[in-house]
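Right, one structure below, let's go through it.
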Protein chains: 2
Amino acid sequence: MLQEINAAPAPNLPFSRAEYAARIAKTRRAMEAAGVDAIIVSDPSNMAWLTGYDGWSFYVHQAVVLGMDGDPVWFGRGQDANGARRTVFMGEGDIIGYADHYVQSAERHPMQVLAAEIEKRWGGSGRIGVEMDNYWFSAAAFATLQRELPDARFADTTGLVNWQRAVKSEAELGFMRNAARLVERMHQVIFDKAEPGYRKCDLVADIYAAGLRYDEAFGFGGDYPALVPLLPSGVDASAPHLTWNDDPLQAGEGTFFEIAGVYRRYHCPLSRTVFLGKPTQTFLDAEKAVLEGMEAGLEMARAGNRCEDIANAFFAVLSRYGIVKDNRTGYSIGLSYPPDWGERTMSLRAGDRTELEPNMTFHFMTGLWMEDWGFEITESIVIGETGPELLANVPRKLFVKD
Amino acid sequence: MLQEINAAPAPNLPFSRAEYAARIAKTRRAMEAAGVDAIIVSDPSNMAWLTGYDGWSFYVHQAVVLGMDGDPVWFGRGQDANGARRTVFMGEGDIIGYADHYVQSAERHPMQVLAAEIEKRWGGSGRIGVEMDNYWFSAAAFATLQRELPDARFADTTGLVNWQRAVKSEAELGFMRNAARLVERMHQVIFDKAEPGYRKCDLVADIYAAGLRYDEAFGFGGDYPALVPLLPSGVDASAPHLTWNDDPLQAGEGTFFEIAGVYRRYHCPLSRTVFLGKPTQTFLDAEKAVLEGMEAGLEMARAGNRCEDIANAFFAVLSRYGIVKDNRTGYSIGLSYPPDWGERTMSLRAGDRTELEPNMTFHFMTGLWMEDWGFEITESIVIGETGPELLANVPRKLFVKD
């Protein structure tokens, strides 16, 4: 009976059962290398990638537990078990909900329930990997597991699953190309609508609409981004992560738009900068330096090179123009949940010597946040044997509306 | 010189300096009672409430540190220090940025920098409160602090600041009433637009527009919600936290809309359910039970009663109708960042004996997620001496479009 349920595809599963099986096999090889018997996966992106689980339930404790055989186990709040039933490929026996009085309680912790489940299934003395540096694995969650499983040995497997996600399947690339169509539409709307006096909150409404609405020509609509649109102007653009207010756009100011198209949780981030009026020399100089630097970086974005090769090429041009950027210039992208559309593995920065492989995907994040201005022109790319595929086709330049 | 900078109001500060001073004084009384010399505040809502800090930067490690005197200290990624300068009331000396090579590094951790800063300012042997069970304080963050400050004694102060936020100031209530105007507009749009064949992703675009656009009559536009809109239909509505897809709405199905209006990070959540076509008896029965239960619960929502009094009154009616709801029926609300618009303190459930005080604010979350359907009609309320203020004015009923 259980097997029958197992064999039925989940009603909303985005990828084939074979693709999930391949992901799990790949992850188990990494678990073997790390010397762990099971991993507790708290990152919602990792949970989704392994099982299909999709829901805005990460504000309570939840996890996927993967051992060395059998299906993964979904663990979460009782009321979210129905969400698991609608989205994961596993059967009823591998969906474990905990009672609601564990939610935000000062007396009990959901990890007590998970510890008991682990003891039952795998015994209490195994070597268990946990994502020590993940938003969704709190210090209290770890302390509870340590207390409840005193004979277990815990290993830090932060990023273990994230790293398996680096090289995308053809199906995943298809999702990211869909996301690219959406981000192209979003930038078109920005350019059409942005003008002095137009309010930022209104422009954000336009951006959401362009990112979400169903398009008959595409055959799909959009999903929510892991970050809200960022569109700071003038001095506020010196800060990379301020969100909008309801002020009107001003003539004589630059505004960068850091946004992503999203298709079924797969992201294509892309930033452009709009200047209303005649751009200052600062902006024209930044445009020249960044575009030339991007050409140099993209030149290096091919299989066999390393992450830092892209960064070093970009920064070499920037420093020739006297521009100092003291932060990384990109990161791996793909499937993501808030708060971050990066995969938190590879960074495009000096010292990251990870070898580039075909079908790795990056946001080449060439943003500048200076003392009293900011500027972003970026690309999302797929690494190829001889060079990158640019996911989106948006003119690579400073947009000027004079 | 520093003092001069300190005296200037931050360009974007949402509340008066006096209000921040009162919040800090109140928090320090709670710190004294908890026996801590300083607290490391990782929760972005707590950081904003204490200092004004506002930005989508919580995907990297950051904190506000509050000692027993002086201004709070903002700590975060170097590139986000500009965001702090634009939003907090503190001066340059209390804004500490860490170098970018600490970001998502396997070799170093931002908490090493914070530990050094704490040692410099407060010595290494104090009693320090940390938010052990918060999304933004990972197991690795805690392990790093313990390693770097071996003589410090750490105390769990999860929720310490959250509890100070429970009773709202008049200025905060003003923000929440603004948010209520937005959520009213959002439900109006839903009722106007929902019809068989209309796609969910398009309806979400409409919902965002209604939540965000500037309104001349209001004099303001909206901010982003801490949760994306939830609008599952039919069987999917048995799960409380599934997000949308691009499917068309179907005749003969119920869809609940769990959304919030947001003004400068202050939330007014409000849910309604729309049935397309003639509602089934199940939905009519649910409407009757929930509305009667809400009346009973609202009757108890006044100063001097306890959280559980509201819940018990509601659940008593529900069980008279034979409906079993096995999760809490509400929570404290106000200022919030993703992933949760709850304050994570009080819950409306049996056993929560917190005494209600005037100007506490709750989402009376009376949602039902049953085996193959779901139903939500909720209210956001302000506790008064003799009864609650309903923040929003949206007809309290099942919306039927036949």
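The values are calculated or read from the model by the stated rules, or taken from the named source; none is laboratory data. These numbers were taken from a predicted model, which means no experiment stands behind them. All Cβ positions, even for glycine, are placed from backbone atoms using ideal geometry, and neighbour counts span all protein chains on display. Heads up: the accessible areas ignore ligands, DNA and RNA and are worked out on the full protein's heavy atoms, side chains in. Shrake-Rupley method; radii C 1.70, N 1.55, O 1.52, S 1.80 Å.
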Worksheet item: Mind checking which pairs have a first residue in segment A:371-391 that is surrounded by fewer than 16 Cβ atoms within 10 Å (Cβ to Cβ) and a second that is among the hydroxyl-bearing types (Ser, Thr, Tyr), Cβ under 7 Å, 6 or more apart or different chains?
Response: A:Glu371/A:Ser238; A:Asp372/A:Ser238
Worksheet, complete the sentence: Restricted to segment B:168-196 and to residues being touching a strand residue (DSSP E or B) at 6+ places or on another chain (Cβ under 6 Å) and open to solvent by 50 Å² or more (accessible area, probe 1.4 Å), the residue nearest to the other protein chains (Cβ to nearest Cβ) is B:Pro196
Practice prompt. Could you tell me whether any residue of segment A:279-292 is within 24 Å of A:Leu390 (Cα to Cα) and buried (at least 24 other Cβ atoms within 10 Å of the Cβ)?
Written response: yes
Worksheet item: Of all the residues that make up segment A:7-66, how many are at pLDDT below 95 and touching a His at 6+ places or on another chain (Cβ under 7 Å)?
Response: 0
Worksheet, complete the sentence: Flagged in segment B:320-335 as at the interface with chain A (Cβ under 10 Å from one of its Cβ atoms) and crowded, with 24+ Cβ neighbours inside 10 Å, in numbering order, are B:Tyr331
Worksheet item: If the Cβ limit is 9 Å and pairs must be 6+ apart or interchain, which residue in segment A:308-329 that is closer than 20 Å to B:Tyr98 by Cα pairs with which residue that is of a type in the set (Lys, Arg)?
Response: A:Asn327/A:Arg349; A:Asn327/B:Arg77; A:Arg328/A:Arg349; A:Thr329/A:Arg349
Response to the item:
For segment A:341-351, the count of residues that are open to solvent by 10 Å² or more (accessible area, probe 1.4 Å) and either under 19 Å from the mean Cα position of the chain (by Cα) or farther than 26 Å from A:Val161 by Cβ (or both) equals 4
Practice prompt. Just give me the residues in segment A:227-258 being touching a residue at least 60 places away in the same chain (Cβ under 8 Å), more than 7 Å from chain B (Cβ to nearest Cβ) and assigned to a loop (DSSP other than H, G, I, E, B), in sequence order.
Written response: A:Pro232
Discussion item. Looking at the structure I just gave you, is B:Met111 buried (at least 22 other Cβ atoms within 10 Å of the Cβ) and either more than 8 Å from chain A (Cβ to nearest Cβ) or of a type in the set (Gly, Ala, Ser) (or both)?
Written reply: yes
Fill in: Where B:Ser42 falls short, out of the listed (1) surrounded by fewer than 21 Cβ atoms within 10 Å (Cβ to Cβ); (2) within 12 Å of chain A (Cβ to nearest Cβ)
(1)
Worksheet entry | Candidates A:Gly211, A:Gly261, A:Gly222 - the one that is crowded, with 17+ Cβ neighbours inside 10 Å and assigned to a loop (DSSP other than H, G, I, E, B) | A:Gly222
Worksheet item: Going by the conditions given, is B:Val228 surrounded by fewer than 21 Cβ atoms within 10 Å (Cβ to Cβ), out of contact with any Pro (no Cβ under 7 Å at 6 or more places or on another chain) and farther than 26 Å from B:Asn359 by Cβ?
Response: no
Practice prompt. Would you be able to tell me the number of residues in segment B:390-399 that are assigned to a loop (DSSP other than H, G, I, E, B) and touching a Ser or Thr at 6+ places or on another chain (Cβ under 8 Å)?
Written response: 3
Practice prompt. Just need a number here: residues in segment B:367-389 that are more than 14 Å from every other protein chain (Cβ to nearest Cβ) and assigned to a strand (DSSP E or B).
Written response: 6
Discussion item. Looking only at residues that are among the charged types (D, E, K, R) and out of contact with any His (no Cβ under 9 Å at 6 or more places or on another chain) in segment B:264-278, which one is most open to solvent (accessible area, probe 1.4 Å)?
Written reply: B:Lys278
Item to complete: Working carefully through the options B:Leu298, B:Leu270, find the one that is in contact (Cβ under 8 Å) with a residue 60 or more places away in the chain, assigned to a helix (DSSP H, G or I) and away from chain A (no Cβ under 14 Å).
Response: B:Leu298
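For B:Leu203, indicate whether it is more than 7 Å from chain A (Cβ to nearest Cβ) and part of a helix (DSSP H, G or I).
Details: more than 7 Å from chain A (Cβ to nearest Cβ): yes; part of a helix (DSSP H, G or I): yes.
Criteria met by B:Leu203.
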Worksheet item: If you check A:Arg86 against the conditions, is it within 12 Å of chain B (Cβ to nearest Cβ) and either of a type in the set (Ser, Thr, Tyr) or open to solvent by 50 Å² or more (accessible area, probe 1.4 Å) (or both)?
Response: yes
Item to complete: Run down B:Leu212, B:Leu242, B:Leu203 and say which single residue is modelled with pLDDT of 95 or more and under 21 Å from the mean Cα position of the chain (by Cα).
Response: B:Leu212
Worksheet item: Has segment B:139-160 got any residue that is touching a residue at least 40 places away in the same chain (Cβ under 8 Å), among the aromatic types (Phe, Trp, Tyr) and over 30 Å from A:Gly219 (Cβ atoms)?
Response: no
